[in-house]
Structure formats: structure tokens, C-alpha cells
1. Of the residues Thr139, Thr182, Thr125, which exhibits the maximal mean-square fluctuation in a Gaussian network model of the chain defined by a 10 Å Cα contact cut-off?
2. Just round it to a whole percent: the fraction of Cα-Cα distances in region 87-177 exceeding 20 Å.
3. As a test of the formula, what do you get for the chain when each DSSP H run with n ≥ 4 contributes -39,500 (n - 2.57) and the sum is divided by the residue count, at 222 nm and rounded to the nearest 500 deg cm²/dmol?
4. Would you mind putting 64-76, 43-55 in packing order, based on average other-beta-carbon counts within 10 Å, highest first?
5. Contour minus end-to-end for Asn127 and Ala86, with contour as 0.36 nm per residue of separation and end-to-end as the Cα-Cα distance?
6. With a length cut of 27 Å (Cα positions projected on each helix's long axis) and a Kyte-Doolittle mean of at least 1.0, go through the chain and give me the DSSP H helices that pass.
7. Using alpha carbons only, how many angstrom separate the centre of region 66-97 from the centre of region 123-201?
8. At 0.36 nm per residue, and after removing the present C-alpha to C-alpha distance, how many nm does the segment from Asn66 to Ala43 gain when stretched out fully?
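The values are calculated or read from the model by the stated rules, or taken from the named source; none is laboratory data. Here the structure is a predicted model, which is why all the values come from computation and not from measurement. Here the Cβ is made from the backbone with ideal geometry for all residues, glycine too, and neighbour counts use every protein chain on show. The protein model used for the area step is the full one, side chains on, heavy atoms only, and it has no ligands, DNA or RNA in it. Shrake-Rupley method; radii C 1.70, N 1.55, O 1.52, S 1.80 Å.
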Amino acid sequence: MAAGAHDRHTPFERHGPGHVHAVLDKLRLMSLMDRFPPRLVWAGYVLLCGFVTIALLSIVTMFTTNPFVFPSLGPTAYLYFFAPLARASSPRHALFGHAIAIACGYFALWSTGMVVPHGLEEGITWNTGIAAALSLGLTGAFMVLFRVSHPPAGATTLIVSLGLITKPLNLFILEVAVLALTIEAFVINRLAGLPYPFWEN
């Protein structure tokens, strides 16, 4: 039973206090770990980093009216600060994962004749259902083939294949937004003293 309890806490010990301790130590805020529960401090770190990165991209969206913020960017940001040293959180996996997703989503739209903004106002039709299924299947297959692992990409490909974002310029902006978020995460994690990879773990 003791071994089982240790196993249950392993992910938290590896991804939680590990990188949060490094941040607090660099900022000389280790006293927070004595004053508050470790999980609460970890939650505060994720909250602050997620807020700052998405807020900055939201400001860019407001001034450019381009989709620099979209739903699947949230899970990517979460990974960057919840488990920054995980394989799926590295720049290579995030950038390639979303790029594959965008390409597969657009291909699914094109192959089903749905390359027009349509959204979900009319519900799921045969064409949208096929496009969604095809895009997710292709995205997963290509991520396996190219040794890329970034789960949020599964949401990105559905955003495209369901017709929520379809204009080629906006699709390019989606990838630029991922790059911008990745740069933000790199800067924050490196300033915090973490050995966040430049490209891949």
C-alpha cells in the first residue's frame, strides 16, 4: 500500500514542486512553500503564467482583429507551465503538432468540399462529420509518423475541419500564435531558471 501511495504522488513530485521550486528559489520566494500548501503554490504559478501569456495574445488579437487566440491554444499554454519539461511541451512538438493539425484540417475541408466558413450553426452534417473524423485521424497518424506528440493539436484540427477558421491567412496566423506563445513560454521558463529546451527535450 505504501508503494501505491508513492506512485500516486510521483507525477506531482516530478512536475509540480520540481519546476515550481526552481522558480521560487530563483525569485527568492521559497517562503511561500512554508506558508501555503505546495499544490496551491503550483496552481498559482500556472494561473499567473497562463493569464499573462494569453492576455498578451488577446491584446494582439484586439488590435489586429486576427485569431491570435483560439481554443486549443489554452491546452498548449497549460502544458507549457504545468509540465514545462515534458516531451509534449517542447517547442518542436507544439509547433509541429499544430502545423500538422492545421494542414490536416484544411485538407479534410478541401476533400469534402467544405472550404468555406460555416461553423456549427446548422449542426453536424455528413460532410462536416467526415471532415472532422478525417482531420483527427490524419493528425494523429502524421504525429506518429513524424514522432510528434502534442495532444492540443487534436483540438486545432477540429477547429479547422469544422469550419470555425478556414481562411488561409487565418490558418497561418494560428501557427504564428503558437509560435508567439512558445516564445513567451521559453522566456518565462528560462527567466524562472528552468532548463526549458530551445527546440526539443
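1. Thr125
2. 29 percent
3. Details: 9 runs with 140 residues, N = 201.
Only helices count here, giving -23000 deg cm²/dmol.
4. Packing proxy ranking, top to bottom: 64-76, 43-55.
5. 11.1 nm
6. 38-64, 126-145, 168-191
7. So the separation of the two Cα centres works out to 8 Å.
8. 5.3 nm
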